[in-house]
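S.K.: Below is a structure I'd like to ask you about.
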Amino acid sequence: MEWLDRIIAKYNGKRNYLVEMLIDIQHEKGYIPRESVFYLGEKLSLPPGEIFRMASFYKAFSLIPRADHTVKVCMGSSCCFRGGKKILEELKNLLGIEEGETTLDMKFKLETSSCSGRCALGPEIEVDGEVYVGIKAEDLKNVIEKIL
């Protein structure tokens with residue numbers, strides 16, 4: 001846990017910097033591994049439950065590994081009317097997962113979102129922050145392949 005010792009040392013082992021340490025752990029590993037919570041608790045003389053509470057309170061933290069890419073399908077009424085449901089179904093087929101799931105290889109997570117305000121341009125998907133408007137089901141395979 002040399003990497004975690006460096007993070008703890010960066011904050012002089014002071015427990016009032018717990019959130020900052022969790023941010024650094026998240027940045028280093030992409031999530032907050034369970035074993036790092038116990039190690040951090042031991043080093044800072046904090047109960048692991050307190051650290052878990054802190055890590056689960058903030059939405060920015062994740063206690064489980066995250067997918068490399070997040071695909072969000074707008075399910076606002078306009079996007080649904082313009083083909084959003086078909087887009088979602090096609091993505092489920094392409095990725096082999098359901099909404100809210102992550103592929104076994106941790107490459108993709110499929111989510112839905114509510115209206116993003118681009119109603120006249122829908123349907124739309126967002127992949128890692130990049131928005132695709134007016135997308136058609138037949139375009140999805142190219143979008144996914146472009147990422148890989």
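S.K.: How far apart, in nm, are two points set 7 Å out from the Cα along the Cα-to-Cβ line at VAL131 and at ASN12?
M.R.: Roughly 4.5 nm, to one decimal.
S.K.: To continue, here is another question. Under 17 Å Cα to Cα from LYS146, which lysines show up? Leave out anything in the same chain fewer than 8 places away.
M.R.: Cα-Cα hits under 17 Å: LYS72, LYS107, LYS109, LYS136.
S.K.: Under a crude label model (7 Å from the Cα following the beta-carbon direction), how far is GLU138 from ILE23 in nanometres?
M.R.: Inter-label distance under the simple model: 4.8 nm.
S.K.: How much length would be gained if the chain were fully extended between THR70 and PHE38, taking 0.36 nm per residue of separation minus their Cα-Cα distance, in nm to one decimal?
M.R.: Here the answer is 8.6 nm.
S.K.: Rounded to the nearest 500, what is the 222 nm mean residue ellipticity of the chain from helices alone, with -39500 (n - 2.57) per DSSP H run of 4+ residues and division by all residues?
M.R.: That calculation yields -12000 deg cm²/dmol at 222 nm.
S.K.: Let me ask another. Measuring from label point to label point, each 7 Å out along Cα→Cβ, what is the GLU101 to ALA120 span in nm?
M.R.: Label at GLU101, label at ALA120, 3.8 nm between them.
S.K.: At a 10 angstrom cut-off on C-beta neighbours, averaged per residue, how do the peptides 91-100, 29-38 rank from highest to lowest?
M.R.: Top of the packing list down: 29-38, 91-100.
S.K.: Which option, [x] 11, 34, 21, 20, 13, 2; [y] 10, 33, 27, 19, 10, 2, 0; [z] 12, 43, 37, 8, 0, is the value of P(r) over Cα pairs in 10 Å bins from 0, in percent that was calculated from these coordinates?
M.R.: [x]
S.K.: Of the heavy-atom accessible surface of the chain (probe 1.4 angstrom), what whole percent is carbon and sulfur?
M.R.: For the chain, the apolar C and S fraction of the accessible surface comes to 50 percent.
S.K.: Give me the net charge of ARG82's neighbourhood, meaning all other residues with Cβ under 13 Å from the Cβ of ARG82; Lys, Arg count +1, Asp, Glu -1.
M.R.: That sum, taken over residues with Cβ under 13 Å, equals +3.
S.K.: Sequence neighbours fewer than 8 away in the same chain don't count; with that in mind, list the lysines whose C-alpha is under 18 Å from LYS10.
M.R.: LYS29, LYS43
S.K.: Enter the accessible area per residue of the range 1-128 (Å², integer; probe 1.4 Å; all protein chains in place).
M.R.: Per residue, the range 1-128 has 59 Å² of solvent-accessible surface.
S.K.: Around VAL127, what is the net charge, scoring Lys/Arg as +1 and Asp/Glu as -1 over all other residues with Cβ under 10 Å from its Cβ?
M.R.: Here the count lands on -1.
The values are calculated or read from the model by the stated rules, or taken from the named source; none is laboratory data. In this text, all values refer to a predicted model and were calculated from it rather than measured experimentally. Positions of Cβ are backbone-derived with ideal geometry, glycine not excepted, and every protein chain shown enters the neighbour counts. Surface areas here come from the heavy atoms of the whole protein model, side chains and all, with no ligands, DNA or RNA. Shrake-Rupley method; radii C 1.70, N 1.55, O 1.52, S 1.80 Å.
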